[in-house]
Structures are given as C-alpha cells and as structure tokens.
Amino acid sequence: MSWARGGYARNPFASGVGPESGSLPGEQELPPPIPGGTAKWTYAPNPMPAYASRAWAGSVFPLPYPGGGISILPVPQDGVMRVTAWWPNASVVQLIRQHPDGTLWPVRGGNPLGVSEPTRYNHATNPSVEVGLHGYVPDAGNPVLARVTGPAAPRGGAYLTATIAEAGAAGVTVPTSVPYGPEVTIGLDLRISHRPASVTIQVTWTTAGGVALPPASADLTADQVNASIGQFARHVVTLTPPAGAVTPTMKVLADGLPAGAVLGLDGITVETQRTAGAFFDGAVYGGTWVGSAGLSESTVAPLLVLDDAECPLDVPIRYRLVNPAPTGGTMTSQSATLLSLGRTWLTHPSRPGKPVTVHVGSVPSRTREAARGIFYPVGATHPIIVSSAQRRAATGDLTIGALSFRERDHLLDLFADLQPVYLRTPAEFGYGAGMWLALGDLTEDAGNRRAYQQTRILTAPFHEVEAPSELAV
C-alpha cells in the first residue's frame with residue numbers, strides 16, 4: 001500500500017533508533033506508517049534479574065528494541081476500539097486496556113492472544129533500492145545499472161534498471177545474506193523491455209573455507225516471462241541449498257536479449273522457509289529493519305487485530321501489548337477517544353467485537369441496597385444498626401425500545417442465555433466505564449401502539465455484576 005512507503009516510513013526512526021525518543025534508556029517511541037490510528041507507542045523491556053542484566057564490568061545495559069508495536073483506532077460507527085498489535089517471534093501476547101484513572105483491564109479475547117503465524121525474515125539487504133543501489137553489481141553482459149524513481153515503481157518510489165549495450169545476456173548480482181536452510185524462497189518484481197530466451201534466478205554458495213559449491217537455480221516458465229514483458233510482474237521460486245552452504249551470491253540472469261534491452265528489478269525477498277513470497281521490508285506495517293532503514297535485513301510479524309467492544313466511551317484510553325517472555329516487554333499506545341456520538345451500546349460477552357446500539361427509554365434508576373438490621377432495645381430511643389461492611393451493587397430496571405420486529409428479535413437473542421450484558425452510555429450519563437447487568441424477567445410491551453406498528457418496549461430488572469470471566473462465556 002502506498003501509505004506504507006511514505007517518506008516518514010523511511011526515516012531513521014522507522015528502524016527503532018530515531019530522534020523522537022524522550023523516554024528512559026531502553027524505551028523508545030516509534031511512529032509507524034499507519035493511517036488513521038495512533039502513530040506512536042512506547043517500548044519498555046521486562047525487568048531482568050540483576051545478574052542477567054550486567055556485563056562483567058558490572059554496568060547495566062538495556063535490552064534493544066525488539067521490533068513490534070501497537071496502534072489503536074476508534075471506530076465510533078461500530079462502537080469499538082480497533083487494536084492492531086505485532087511482536088516478532090512472539091508465541092503469545094496479552095492486550096490490556098488502561099483507563100484514565102490508571103486502572104488496568106484485560107481486553108476480552110486478548111488475554112491471552114495466541115500468535116499462530118510465524119514471523120517472516122527477509123535476507124535481502126537492499127530490497128527495493130529506496131535509498132540507493134548499494135550492493136547491486138553488474139554481471140553477465142556488463143549492464144549499466146540505474147535507479148529510476150516515479151510512480152511506475154511497484155514497491156515504494158524507486159526501482160533498478162540494467163541496460164545492456166550489446167545483444168546477449170543481462171545479469172545483476174543482488175545483495176543478500178542467506179544463512180543455510182533446507183530451502184530458500186525468493187520473490188521479486190521483474191520487468192523486461194524485450195522478450196528474452198530465458199530468465200534464471202540463481203544462488204551460488206561457498207563453504208566456510210571459501211570453496212565454491214554447485215549453484216542452485218530456477219528458470220521462469222514461458223508464461224511467467226511473458227507476464228513481465230513491458231510491465232512488472234511478481235515471481236516466486238524455491239531453491240534447495242547444497243550441504244555446507246555458507247556464503248551466498250544471488251543473481252538474476254536474462255539471456256537472448258537485443259542490444260539496448262532493459263531489465264527492471266524491485267521488491268526482492270529472500271527467505272529461508274517456504275512462503276508465498278509476498279513482498280515486505282522494514283517499512284511495511286508490522287515490519288522492522290534489523291539495521292539501517294532501507295539497507296538491511298528486515299522482519300515482519302503477523303498483525304493481530306481485535307475490536308474491543310468494552311472500551312469506555314468519550315474518555316481517552318491507552319492499550320498495552322505485553323509479551324511475557326523473558327526477552328519480551330510492554331508496548332504502550334498513545335491515547336485515543338472512542339466517541340459515543342450520543343449512542344448507547346450493548347455488548348454480549350460471547351460477541352465481544354459486535355456490540356449493538358440500543359434505545360434506552362430513560363436513564364435507569366439505580367438502587368444501592370444496604371444489608372442491615374434495625375433493633376430497638378427495650379426502653380431505648382435510638383436503634384442499634386447491624387450492617388454489612390458495604391452497600392450492595394446497584395439494582396434497577398432497564399427499558400429498551402425496539403423499533404422493529406427484527407431489532408426486537410436480535411435483542412431477545414442476546415438476552416436468551418441469561419449471560420450478563422455490558423451497557424455503555426455516553427459520558428454525560430455519568431455511569432463511567434459502563435455497567436455489567438444481569439437481567440431478570442423480560443417484559444415485552446406494545447404500549448398503546450396498533451398491531452401493525454412494530455415498535456416494542458423491553459423491560460427487565462437488573463443487578464449490576466462483575467465482568468464475567470472469559471472461561472465462563
């Protein structure tokens with residue numbers, strides 16, 4: 001997407017070493033290229049035992065930023081706060097909501113939150129020539145290499161061209177560092193001005209002693225070559241390294257071209273696992289540069305997206321992404337406010353991402369009972385009061401208007417299993433974060449409306465209760 005390749009995504013702070021950090025050592029604020037959502041988060045590592053966090057000289061060193069982050073986006077039309085989080089190589093994380101008073105609340109569906117997809121690792125060290133032609137070397141045909149900028153670039157704003165002066169082959173050596181693995185998946189965007197006789201993607205390794213090993217290569221099919229004539233098309237191949245492979249040399253070779261032919265390259269990915277070969281680098285959403293932005297290997301973690309339908313309305317909220325691993329830590333988002341727009345929302349705990357708007361007939365009255373006994377000793381003027389330690393949770397009556405039979409049936413379905421429901425009202429109601437209500441007998445009343453008029457009034461007594469456990473839902 002274009003927003004993932006904007007200029008600010010290529011600045012040094014996109015790699016986690018930028019100038020915007022005003023935090024303590026080890027903490028950083030990193031603005032990602034995210035449209036609409038919060039743009040920064042703060043990283044803090046998990047505390048480590050003193051002996052594990054000291055060098056031999058005795059000085060304490062902070063853990064480096066591991067990549068990952070969290071962004072939140074209010075979606076008022078759906079009544080949810082959309083939380084997007086990622087953490088490279090994490091197997092499980094937790095999402096926690098921080099209210100304005102500083103209290104922490106587990107996010108339903110995100111505590112814990114398993115990460116089912118692996119983190120991808122791109123070993124191409126200059127994947128899309130956004131910074132320059134660093135590491136690219138002319139090979140067969142000694143083509144002239146150039147960096148072309150403009151909207152024609154399939155990835156970002158630039159791509160590489162290799163132009164040959166005489167008829168024959170056009171070859172380019174691609175900068176990469178591929179450690180040994182059972183297989184290597186290579187993806188690239190390729191454009192050729194004229195149809196070649198063949199296109200080969202080749203990697204040659206050497207042993208640890210510098211002895212050259214037989215190359216591993218793959219030839220594109222005729223259909224694949226045709227797709228790249230005069231336009232960029234993405235191609236993905238899988239190679240098997242020989243045993244003992246250490247240092248790689250990757251080449252893209254097109255043979256049988258006329259004089260003046262041009263080979264275009266962009267969007268290189270080199271991975272040591274079988275993948276679909278889709279492009280990524282450290283500038284995409286969820287990506288992290290291992291070193292210098294644009295000129296290093298990169299990782300991309302799977303995006304975890306959760307809609308929180310228990311987020312309080314009309315007040316600023318933060319979220320925390322917690323990785324409980326010893327090398328993990330906490331990412332804390334900027335604050336954002338989910339506006340009520342004057343609406344009241346009802347959420348069922350088994351459908352935490354799909355709240356419904358309800359029409360509350362009136363602000364419900366709440367009675368906070370006092371469990372107490374009143375005793376008058378014989379001849380005494382004043383009574384003796386025996387009471388519990390505190391008042392009981394509020395009780396009252398909830399009235400909801402259904403404007404159609406369909407809306408009524410949907411509400412009846414929500415209330416059918418007798419689970420508590422979560423009612424969030426606009427801030428001006430003064431009910432705070434919201435109320436978990438256990439509803440009693442439900443009364444449906446048509447009032448003075450005629451039979452064909454579909455408006456119905458649903459009324460039920462309620463008790464305020466604690467939020468139900470996810471294990472009980």
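Numbers below:
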read-out	value
The range 104-158 - residue that is among the polar types (S, T, N, Q) and surrounded by 18 or more Cβ atoms within 10 Å (Cβ to Cβ) and, of those, nearest to the chain's Cα centre (by Cα)	Thr119
Given (1) in contact with a strand residue (DSSP E or B) (Cβ under 6 Å, 6 or more places away or on another chain); (2) assigned to a loop (DSSP other than H, G, I, E, B); (3) surrounded by 16 or more Cβ atoms within 10 Å (Cβ to Cβ); (4) not acidic (Asp, Glu), index of the condition Arg408 fails	(2)
Only one of Pro355, Pro364 that is at pLDDT below 90 and either open to solvent by less than 60 Å² (accessible area, probe 1.4 Å) or more than 27 Å from Val75 (Cβ to Cβ) (or both)	Pro364
Filter result (part of a strand (DSSP E or B) and within 10 Å of Ala216 (Cβ to Cβ)) within the range 238-249	Thr238, Leu239, Pro248
All positions within the range 206-226 that are touching a strand residue (DSSP E or B) at 6+ places or on another chain (Cβ under 6 Å) and of a type in the set (Asp, Glu)	Asp219
Count - residues of the range 354-403 that are assigned to a strand (DSSP E or B) and closer than 26 Å to Pro426 by Cα	17
Strands (runs of 3 or more DSSP E) completely within the range 274-339 that count 1 or more residues being surrounded by fewer than 21 Cβ atoms within 10 Å (Cβ to Cβ) and in contact with a Phe, Trp or Tyr (Cβ under 9 Å, 6 or more places away or on another chain)	329-333
Listing of strands (runs of 3 or more DSSP E) fully contained in the range 105-183 that carry 2 or more residues being touching a residue at least 60 places away in the same chain (Cβ under 8 Å) and within 19 Å of Thr238 (Cα to Cα)	120-122, 168-174
Looking only at the range 246-259, and only at residues there that are open to solvent by 20 Å² or more (accessible area, probe 1.4 Å) and under 15 Å from Leu145 (Cβ atoms), the one that is farthest from the chain's Cα centre (by Cα)	Leu253
Test: residue in the range 54-72 that is open to solvent by 40 Å² or more (accessible area, probe 1.4 Å), part of a loop (DSSP other than H, G, I, E, B) and either touching a Lys or Arg at 6+ places or on another chain (Cβ under 7 Å) or modelled with pLDDT of 90 or more (or both)	no
Complete set of residues in the range 102-120 that are farther than 21 Å from Pro312 by Cβ and touching a Pro at 6+ places or on another chain (Cβ under 9 Å)	Pro112, Val115, Ser116, Glu117, Pro118, Thr119, Arg120
Check on Thr395, touching a Ser or Thr at 6+ places or on another chain (Cβ under 6 Å), open to solvent by 30 Å² or more (accessible area, probe 1.4 Å) and either β-branched (Val, Ile, Thr) or in contact (Cβ under 8 Å) with a residue 60 or more places away in the chain (or both)	no
Number of positions in the range 314-336 that are in contact with a Lys or Arg (Cβ under 6 Å, 6 or more places away or on another chain) and either among the hydroxyl-bearing types (Ser, Thr, Tyr) or over 16 Å from Gly102 (Cα atoms) (or both)	5
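The values are calculated or read from the model by the stated rules, or taken from the named source; none is laboratory data. Predicted model, so just to flag it, every value in this text is computed and none were measured. With ideal geometry, Cβ positions are generated from the backbone for all residues, glycine too; neighbour counts draw on all protein chains shown. The protein model used for the area step is the full one, side chains on, heavy atoms only, and it has no ligands, DNA or RNA in it. Shrake-Rupley method; radii C 1.70, N 1.55, O 1.52, S 1.80 Å.
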